[in-house]
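Here the structure comes first, spelled out in C-alpha cells, and everything after it is commentary.
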Amino acid sequence: MAGAHDGEDDRDFFHAAIERTYPPLAVTTGGAQTSDADGALPSGRYLIQAMNFIGASSIICWVRTGAFIKGAPLSLVSGPGLNTVPLNTGAAVAIEINVKKDYNDRIGAITSAGSCTVFITRVSRTSRLNK
C-alpha cells in the first residue's frame, strides 16, 4: 500500500542546500524553544542537532515539535511523548524533519540533566543550484 508521496520532495532531496541556522537554543532541565519573535518556522526540511552536552555523564535532550501559537509556548517534559524524540551523545545527535505549517512549526527541547545546545538549520525545499 503506497502512502502519500510528493515527487517534488524527491527532486528537492537531491538539490538541497543549507539555508538559515536559527539562533541556538540553550537547553537545560527548564527547557528552551524557538521564540515568539522569530515566529513560526517556514514549512520545509530542517536538520536539528544537539551538541555541547555539559553536566551529567548521561544526558538526554528531548526535542519536541508542535504548532506555533504566539504567546503559547510548547509544554516541554523530559521523557517520551507525542511529537518527541530523544537525542544524546550515546545515540543520535541529529535528526531531519519536515516542518508543516500549523502542525509542527515550533521546536523546543528539554534535558534530563545538565545542558546542551540545539541548532535548527533549514535545508531548502527548492533548488537554487539549478536555476
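Throughout, read-outs are computed from the coordinates displayed, never taken from laboratory work. Note that this is a predicted model, so its numbers are computed, not measured. Note: ideal-geometry Cβ built from the backbone for every residue, glycine included; neighbour counts use all protein chains shown.
Overview of results
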quantity	calculated
Sorted peptide list for 95-105, 112-122, criterion being average Cβ within 10 angstrom, highest first	112-122, 95-105
Relative contact order %, segment 18-123, counting alpha carbon pairs below 8 Å whose residues are six or more apart	52 percent
Highest average packing first - 79-86, 45-52, 22-29, 59-66, Cβ atoms within 10 Å	59-66, 45-52, 22-29, 79-86
